[in-house]
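Comments concern the structure below.
The values are calculated or read from the model by the stated rules, or taken from the named source; none is laboratory data. Keep in mind the model is a prediction, meaning the values are calculated, not measured. Positions of Cβ are generated from backbone atoms using ideal geometry, with glycine treated the same way; all protein chains shown enter the neighbour counts.
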Amino acid sequence: MKVLSYLVLSAFLFSATSCLKQEDGQYIPGVNGPKVNINDGKILLTVELEKVDLQGGLTMPIRKMDHSTLTVSPSISSDGSFGGTLISIAFDLRDVENDDFRSVPNETLPDGRPFPFLIDGTLPALAINIPKAKDITLYASEKVFGFFLPINLPEDFNISVHYKIKINGKSYGIVSLIHPDERGEGAGVVALLTLDDVRSNPGLNKLLRISKRNKSRIY
């Protein structure tokens, strides 16, 4: 029954009509998303790994974040066939509005390399690694929330990918492709939401409130 629930969520996230009009980003091989949606007062941050197949799925709590969860599940394509893996984070803003997330260390990427879009290469945030969820690392603070997700890149793909997460014409964060190091390791996708931009948008906050009254709908 749980597996069925994950599959229904997978189909819904990538086929439902949304009130949020997110602009398409640059192409990353084998990756669909990240996509941003809203459900039950939470921000859903979802990415599909098109070439990674799972036989089952799970939903797990996130350490230090009592109201947020992470789900890994098989993915269903628009034609109803199986293929790929869906990773979805249901993020509740309340979880970072306390002292644990106000005074935070400066973090690098998991392998120690700098973040490419920050002037000193470090991100003030708590880093939460979750090996069971494709070794994803979450980054959370009062100011930002997002992830680094390891991926395998084709050897001949050397294009830089950096773009803003734009919804209804406004910027809410950034996506960046991290290429492998000199040993061919450490490739991944970074997606970060800028939370001050989320909090300061009346329309988005209204939608977060409305979604609590319509828990079965994904916006």
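Quick look at the numbers
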item	result
Selection status of residue 206, basic (Lys, Arg) and touching a residue at least 24 places away in the same chain (Cβ under 8 Å)	no
Looking only at segment 83-115, and only at residues there that are assigned to a strand (DSSP E or B) and not polar (S, T, N, Q), the one that is farthest from residue 175 (Cα to Cα)	83
Candidate set: segment 121-142, residues that are part of a loop (DSSP other than H, G, I, E, B) and of a type outside the set (D, E, K, R); chosen: the one surrounded by the most Cβ atoms within 10 Å (Cβ to Cβ)	125
Check on residue 58, surrounded by fewer than 16 Cβ atoms within 10 Å (Cβ to Cβ) and hydrophobic (A, V, I, L, M, F, W, C)	yes
Condition check for residue 148: closer than 16 Å to residue 47 by Cα, among the hydrophobic types (A, V, I, L, M, F, W, C) and in contact (Cβ under 8 Å) with a residue 24 or more places away in the chain	yes
Meets criteria (under 20 Å from residue 205 (Cβ atoms) and either out of contact with any His (no Cβ under 7 Å at 6 or more places or on another chain) or of a type in the set (Asp, Glu) (or both)) for residue 51	no
Selection count, segment 143-162, where residues are part of a strand (DSSP E or B) and loosely packed, with under 14 Cβ neighbours inside 10 Å	1
Condition met for residue 118 (outside any helix (DSSP H, G or I), surrounded by 19 or more Cβ atoms within 10 Å (Cβ to Cβ) and not acidic (Asp, Glu))	no
Count of segment 174-219 residues which are surrounded by 12 or more Cβ atoms within 10 Å (Cβ to Cβ) and under 30 Å from residue 153 (Cα atoms)	18
Subset of segment 118-131 [more than 16 Å from the chain's Cα centre (by Cα) and touching a residue at least 60 places away in the same chain (Cβ under 8 Å)]	123
Test set (1) touching a helix residue (DSSP H, G or I) at 6+ places or on another chain (Cβ under 8 Å); (2) modelled with pLDDT under 95 - residue 119 fails condition number	(1)
